[in-house]
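A.B. asks: Could you have a look at this structure, given as structure tokens, before my questions?
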Amino acid sequence: EPEVTQTPSHQVTQMGQEVILRCVPISNHLYFYWYRQILGQKVEFLVSFYNNEISEKSEIFDDQFSVERPDGSNFTLKIRSTKLEDSAMYFCASSSKETQYFGPGTRLLVL
Amino acid sequence: AQSVTQLGSHVSVSEGALVLLRCNYSSSVPPYLFWYVQYPNQGLQLLLKYTSAATLVKGINGFEAEFKKSETSFHLTKPSAHMSDAAEYFCAVSVYSNYQLIWGAGTKLIIKP
């Protein structure tokens, strides 16, 4: 059964460093998403991507964040200059319509 | 704007007892509704979904949910709890546009032996 994959599973970085989180969505899906979950809090929407551009983004998704689909399979989330409060679990999801399928997440720890 | 409210951050039931996790939503247009489960240190797994077909929806692991428009609810039930059901359960809503999910705060289900 096709699934969404994410790498790395864990990332530790120093404050101010750039990180790139990678996702491989399910191959025939058209919509791609990033969400985050700060420890003990609810899941929060960051951004959605369709037809090679951002279709919607939340207030969290400021200029420090960017997304890219560099080739036909990968979907990346870049945080340019990480802050302590960026520590969270980041989930990628993809869908062909309304039902989103999630990857296992990347746990980001900013020190 | 859409929103989701899950009543009870923690629900504790005995093994074999009925599980009822409550979810109420707010949406100005017909919604899509979802329940996802998150086991400790794992990702989000789709349990079931409502997409305007049958109002009683069956999912994996014996769970089901009923869409009640008049009550704006989508409560999750399972007749008999199993120890392996211990996890956190999230209700989410989306509408047709980019299908962005709006999440409830989650309910941690605790199963007592």
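A.B. asks: Please list, ordered by first then second residue, the pairs with beta carbon atoms under 7 Å, 6 or more apart or interchain, first in region B:17-41 and under 13 Å from B:N61 (Cβ atoms), second among the charged types (D, E, K, R).
C.D. replies: B:V19/B:K78; B:V19/B:D85
A.B. asks: When you scan region B:77-92, do you find a residue that is among the charged types (D, E, K, R), more than 14 Å from every other protein chain (Cβ to nearest Cβ) and part of a strand (DSSP E or B), even just one?
C.D. replies: There is at least one residue in region B:77-92 that is among the charged types (D, E, K, R), more than 14 Å from every other protein chain (Cβ to nearest Cβ) and part of a strand (DSSP E or B).
A.B. asks: Can you name every residue in region A:78-88 that is buried (at least 17 other Cβ atoms within 10 Å of the Cβ) and either more than 14 Å from chain B (Cβ to nearest Cβ) or modelled with pLDDT under 95 (or both)?
C.D. replies: Within region A:78-88, A:I79, A:T82, A:D86, A:S87 qualify.
A.B. asks: Would you check if there is a residue in region B:82-99 being over 17 Å from A:K42 (Cβ atoms), surrounded by 21 or more Cβ atoms within 10 Å (Cβ to Cβ) and among the hydroxyl-bearing types (S, T, Y)? Spell out how you get there, then give the answer.
C.D. replies: Let us first name the residues in region B:82-99 that are over 17 Å from A:K42 (Cβ atoms), namely B:82-86, B:95-99.
Subset that is surrounded by 21 or more Cβ atoms within 10 Å (Cβ to Cβ): B:99.
Within this subset, residues satisfying the condition of being among the hydroxyl-bearing types (S, T, Y) are B:99.
The answer is yes; a qualifying residue exists.
A.B. asks: Counting only residues that are open to solvent by 10 Å² or more (accessible area, probe 1.4 Å) and part of a strand (DSSP E or B), how many does region B:57-76 have? Spell out the reasoning first.
C.D. replies: Let us first name the residues in region B:57-76 that are open to solvent by 10 Å² or more (accessible area, probe 1.4 Å), namely B:57-62, B:64, B:66-72, B:75.
Checking the rest, the ones that are also part of a strand (DSSP E or B) come to B:57-58, B:64, B:66-68, B:75.
Result for region B:57-76: 7.
A.B. asks: Tell me, which strands (runs of 3 or more DSSP E) lie completely within region B:1-54 with 2 or more residues that are small (G, A, S)? It would help to see each step written out before you state the result.
C.D. replies: Working: elements: B:3-7, B:10-14, B:19-26, B:32-38, B:45-50.
Where strands (runs of 3 or more DSSP E) fall fully within region B:1-54 and carry at least 2 residues being small (G, A, S), they are B:10-14.
A.B. asks: Cβ-Cβ under 8 Å, sequence separation 6+ or interchain: first residue in region B:43-60 and within 12 Å of another protein chain (Cβ to nearest Cβ), partner among the basic types (K, R) and surrounded by fewer than 16 Cβ atoms within 10 Å (Cβ to Cβ). Which pairs?
C.D. replies: Matching pairs, first to second residue: B:L48/B:K58.
A.B. asks: Does A:Q17 satisfy the criteria of being within 10 Å of chain B (Cβ to nearest Cβ), open to solvent by 90 Å² or more (accessible area, probe 1.4 Å) and part of a loop (DSSP other than H, G, I, E, B)?
C.D. replies: For A:Q17, the condition - within 10 Å of chain B (Cβ to nearest Cβ), open to solvent by 90 Å² or more (accessible area, probe 1.4 Å) and part of a loop (DSSP other than H, G, I, E, B) - is not met.
A.B. asks: Having 3 or more residues that are small (G, A, S) is the bar; report the strands (runs of 3 or more DSSP E) wholly within region A:26-111 that clear it.
C.D. replies: Per the criteria, A:88-95.
A.B. asks: Quick check on my filter: what residues within region A:45-77 are surrounded by fewer than 18 Cβ atoms within 10 Å (Cβ to Cβ) and within 9 Å of another protein chain (Cβ to nearest Cβ)?
C.D. replies: Passing the criteria: A:Y50, A:S55, A:E56, A:S58.
A.B. asks: Quick one: in region A:1-14, which of the residues that are assigned to a strand (DSSP E or B) and not polar (S, T, N, Q) is nearest to A:S73 (Cα to Cα)?
C.D. replies: Going through the qualifying residues, I end up with A:H10.
A.B. asks: Ok, one more. Which one of these is out of contact with any strand residue (DSSP E or B) (no Cβ under 8 Å at 6 or more places or on another chain) and closer than 23 Å to B:G104 by Cβ: A:E53, A:E44, A:E98, A:E59?
C.D. replies: A:E59
The values are calculated or read from the model by the stated rules, or taken from the named source; none is laboratory data. These numbers were taken from a predicted model, which means no experiment stands behind them. Because the Cβ atoms are built from the backbone with ideal geometry, glycine has one as well, and the counts that use them run over all protein chains shown. Only protein heavy atoms, including side chains, enter the accessible area calculation; ligands, DNA and RNA are left aside. Shrake-Rupley method; radii C 1.70, N 1.55, O 1.52, S 1.80 Å.
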